[in-house]
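Working notes for the structure below.
The values are calculated or read from the model by the stated rules, or taken from the named source; none is laboratory data. These figures come from a predicted structure and were not determined experimentally. So basically every Cβ, Gly included, is an ideal-geometry build from the backbone, and we count neighbours across all protein chains shown. Heavy atoms of the whole protein, side chains included, go into the accessibility calculation; ligands, DNA and RNA do not. Shrake-Rupley method; radii C 1.70, N 1.55, O 1.52, S 1.80 Å.
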Amino acid sequence: KERIVQAHEQAAEFYHLQLMRSKETGPAQARAYLGKRGFGTGPSKSWGLGYAPGRSALVTYLNSKGFTRDEILQANLGVVSKRSGRLADRFFDRIMFPIRDLQGRCIAFGGRVLGTGEPKYLNTGDTPVFNKSNNLFGIDKAKGAMVSDSVAVVVEGYTDVIALHEAGVRYAVATLGTALTAQHVKLLSRFAKTIVYLFDGDAAGQRAAMRASEFIDWSS
């Protein structure tokens, strides 16, 4: 498990340097997109945002740091190419959002595609250190504010969390491409007495809100 965490920490550093320093077209487009969303240099640094170039660049980098093929596969940072049988990067041409545990260690990623490709968002699959039903984006940064204000706000997306934090709402977190689960509520209840669901107003958001309401303890 420790090696998987270390691999993610190294990957986060690699992706971040690609975003902040690379002069290639992909990273430049990623910076432009983030800038339009109001996430310039400051938020990109504080949240460790990155860019995944693909082309096995991350696999090569992790190999240079001593990580084996099996470790990269177990961390879900690489996949085996069906055509060549070689190890390739799982994420490519995506803006990368590091997902961190309560201690602030990177344990997974969410990647937003640049352009119109599908899926729009791609998350790390389940690993020995990560399960999307048990983790929340931003929980490491939000837990302190949750305790001091006794409130947690749950939104649907990574950028929603960052925007709220930048606006001073520092107890915001997001689910990771899944509906709010009982495990999520249990985690939030460790820090906050009140949980606010701030979902989109479309049909999908309304359905998510209804599912989330199943976990409310109406007697409290």
Apart from one, (1) surrounded by fewer than 21 Cβ atoms within 10 Å (Cβ to Cβ); (2) under 18 Å from the mean Cα position of the chain (by Cα); (3) among the charged types (D, E, K, R); (4) closer than 20 Å to L164 by Cα all hold for D126; the odd one out is (4)
Just for helices (runs of 4 or more DSSP H) wholly inside segment 2-48: which have at least 2 residues that are closer than 20 Å to T127 by Cβ? 2-21
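Any residue at all in segment 106-114 that is charged (D, E, K, R), open to solvent by less than 20 Å² (accessible area, probe 1.4 Å) and not in a loop (DSSP other than H, G, I, E, B)? Quick ask: steps written out before the conclusion?
So the first thing to find is which residues in segment 106-114 are charged (D, E, K, R), and the list is 112.
Those left that are additionally open to solvent by less than 20 Å² (accessible area, probe 1.4 Å): none.
Taking every residue of segment 106-114 in turn, none turns out to be charged (D, E, K, R), open to solvent by less than 20 Å² (accessible area, probe 1.4 Å) and not in a loop (DSSP other than H, G, I, E, B).
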Hits in segment 20-46 - residues which are farther than 22 Å from K141 by Cα, in contact with a Pro (Cβ under 9 Å, 6 or more places away or on another chain) and open to solvent by less than 50 Å² (accessible area, probe 1.4 Å): S22, G26, P27
Do the conditions hold for F91, that is, is it assigned to a loop (DSSP other than H, G, I, E, B), in contact with a helix residue (DSSP H, G or I) (Cβ under 8 Å, 6 or more places away or on another chain) and open to solvent by less than 50 Å² (accessible area, probe 1.4 Å)? yes
Residues being among the small types (G, A, S), over 13 Å from A11 (Cα atoms) and in contact (Cβ under 8 Å) with a residue 24 or more places away in the chain: count how many of those fall in segment 43-91. 2
Which residues, taken from segment 159-213, are closer than 26 Å to L49 by Cβ, open to solvent by 20 Å² or more (accessible area, probe 1.4 Å) and either in contact (Cβ under 8 Å) with a residue 60 or more places away in the chain or among the basic types (K, R) (or both)? A163, E166, R170, G177
Only one of L49, L77 that is touching a helix residue (DSSP H, G or I) at 6+ places or on another chain (Cβ under 8 Å), over 30 Å from S189 (Cβ atoms) and open to solvent by less than 10 Å² (accessible area, probe 1.4 Å): L77
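Could you list, in sequence order, all residues of segment 187-205 that are over 20 Å from the mean Cα position of the chain (by Cα) and either of a type in the set (K, R) or under 16 Å from I99 (Cα atoms) (or both)?
Taking segment 187-205 and keeping what is over 20 Å from the mean Cα position of the chain (by Cα), we get 189-196, 201-204.
The answer is R190, K193.
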Hits in segment 56-85 (condition: touching a strand residue (DSSP E or B) at 6+ places or on another chain (Cβ under 7 Å) and assigned to a loop (DSSP other than H, G, I, E, B)): S56, A75, N76, S81
